[in-house]
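The block underneath contains the structure these notes are about, expressed in structure tokens.
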Amino acid sequence: MRILSIETSCDDTAISIVEFTDNSGKVTCKILADIVSSQTELGVQYGGVFPAMAKGEHIKNLPIVYEQATKIAGNPNIDAIAVTYGPGLEPCLWTGITFAKELALKLDVPIIPVNHMEGHLLSSLLPEYEINKEIVLRIFPENSISLLVSGGHTQLIKINKLGSYEIIGSTLDDAVGEAFDKVARMMDLPYPGGPQISKLAEIGRSAGDSGLKFPRPMLHSKDYNFSFSGLKTAVLYHIRDLTAQVGNPINDDDKIAIAREFEDAGIEVIIKKTVNAIEEFGSGYLLLGGGVAANKHLQNELARVSKENNFETYYPVRQITGDNALMIAIAGYFHKDEIWDKKNSDTLKACGNLSLKA
Ligand code: KG4
Ligand code: ZN
């Protein structure tokens, strides 16, 4: 089955064409084309994502990305279109949905609506990334836990079985990626800030302990929720104190120490809550997903606690930690029987507040 997938929930315009085969329960996927057109330049210029501007970019980019993808894939016959219908920025979601509807009419194929967070959740089933290679997907582990960490979400999810998920914890304020981005902005680092902070934090780790200490919000709370605004404010006050003392913007050594301690604090809380969830629900598997899954310190710490606590972590390959259409194709394949009923147009709506979002 060949699926063309479309992702426009935030500021990336992405289209993939993927061929799936099922050999007695073993799903093989062959990536024929996988394109992500990022609006990072705009983000850098304006310091974030603005829905109306992002929508305009999607409208401009979608036909171009579609052309590129079909050309790379060699104009194959498509059996279905998978499209992200939420959660995300509503004006952006609509551009993808409208495009999918027009294309479905033209190609006379069904549409499979996909939840963006389920895409992230299933992304770690892809064990490697190579175009035009037959790749066997990992078996979906039922009764497991998923940790989704991105610019919009920080969620711990109890997976019962495919399509049956319970959010057991989420952020009460900023998402972890958002906190990385905001702290980076406080230090005049370019958008998106996550990779920048992470780079500085690595330098800080090899330089040794700076003595700086930030709070670990909700580390000992008896639930699975997170809060990053207190940590962010602690960074802000520290930077204010430093600039007041020296009368200059903070220097590179300060930035390195802040980045390291901020990352240590945020990741420590995430790790502790994740291990608690694994223990409480007796799961042997953790599925990691979302843009922050690319964070090296998070990956190293997860590898350490996986060993100590006897569970296996599935990491998404680097190419699909951020927003992408490949994960939407994978989720679309798993839901291939749940197609949108064209006669009932009410069933396919852009939705910013789906069951997977707290
Ligand atoms: O999943 P994603 O591409 O988009 C959303 O759906 O939000 O995640 C983007 C987020 C940004 O906040 C970015 O700063 C963060 O992921 N990010 C990272 C790293 N790479 C990306 N955060 C920490 N460390 C990284 N290496
Ligand atoms: Zn995302």
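The values are calculated or read from the model by the stated rules, or taken from the named source; none is laboratory data. Worth saying up front: this structure is predicted, and the values here are computed from it rather than measured. Here the Cβ positions follow ideal geometry from the backbone for every residue, glycine too, while neighbour counts run over all protein chains shown.
Side notes on the structure shown:
- Selection status of I112, assigned to a strand (DSSP E or B) and more than 16 Å from ligand 2 (Cβ to nearest atom): yes
- Count of residues meeting criterion [within 16 Å of ligand 1 (Cβ to nearest atom) and either charged (D, E, K, R) or assigned to a loop (DSSP other than H, G, I, E, B) (or both)] in region 136-170: 4
- Among the residues of region 208-239, the ones that are among the β-branched types (V, I, T) and surrounded by fewer than 15 Cβ atoms within 10 Å (Cβ to Cβ) come to 1 in all.
- Test: residue in region 66-79 that is among the basic types (K, R), more than 23 Å from T321 (Cα to Cα), in a helix (DSSP H, G or I) and modelled with pLDDT of 95 or more: yes
- Unmet criterion (only one of (1) buried (at least 18 other Cβ atoms within 10 Å of the Cβ); (2) touching a strand residue (DSSP E or B) at 6+ places or on another chain (Cβ under 9 Å); (3) not in a strand (DSSP E or B)) for C10: (2)
Residues are listed down the side, and each one gets a yes or a no for (1) more than 16 Å from ligand 2 (Cβ to nearest atom); (2) of a type in the set (G, A, S); (3) in contact with a helix residue (DSSP H, G or I) (Cβ under 6 Å, 6 or more places away or on another chain):
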site	(1), (2), (3)
V269	yes, no, no
T274	yes, no, no
R304	yes, no, no
T313	yes, no, yes
P316	no, no, yes
Q319	no, no, no
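- Yes/no for T95 being of a type outside the set (D, E, K, R) and at pLDDT 95 or above: no
- Some residue of region 217-231 being within 26 Å of G289 (Cβ to Cβ), of a type outside the set (G, A, S), within 14 Å of ligand 1 (Cβ to nearest atom) and in a loop (DSSP other than H, G, I, E, B): yes
- Check on N248, within 16 Å of ligand 2 (Cβ to nearest atom), assigned to a loop (DSSP other than H, G, I, E, B) and either under 20 Å from T154 (Cα atoms) or not hydrophobic (A, V, I, L, M, F, W, C) (or both): no
- Total residues in region 264-279, condition out of contact with any Asp or Glu (no Cβ under 9 Å at 6 or more places or on another chain) and either within 20 Å of D174 (Cβ to Cβ) or modelled with pLDDT under 95 (or both): 6
- Among the criteria (1) under 22 Å from I159 (Cα atoms); (2) within 16 Å of ligand 1 (Cβ to nearest atom); (3) of a type in the set (G, A, S); (4) at pLDDT below 95, the one G282 does not fulfil is (2).
- K133 within 14 Å of ligand 1 (Cβ to nearest atom), exposed (fewer than 15 other Cβ atoms within 10 Å of the Cβ) and either modelled with pLDDT of 95 or more or of a type in the set (F, W, Y) (or both): no
- Residue within region 279-293 that is surrounded by fewer than 18 Cβ atoms within 10 Å (Cβ to Cβ), more than 15 Å from V149 (Cα to Cα), out of contact with any Gly (no Cβ under 9 Å at 6 or more places or on another chain) and of a type in the set (A, V, I, L, M, F, W, C) present: yes
- Looking only at region 190-213, and only at residues there that are within 16 Å of ligand 1 (Cβ to nearest atom) and in a loop (DSSP other than H, G, I, E, B), the one that is farthest from F281 (Cα to Cα): P190
- Top-ranked residue of region 285-302 - restricted to ones that are part of a helix (DSSP H, G or I), under 12 Å from the mean Cα position of the chain (by Cα) and modelled with pLDDT of 95 or more, ranked as farthest from ligand 2 (Cβ to nearest atom): A294
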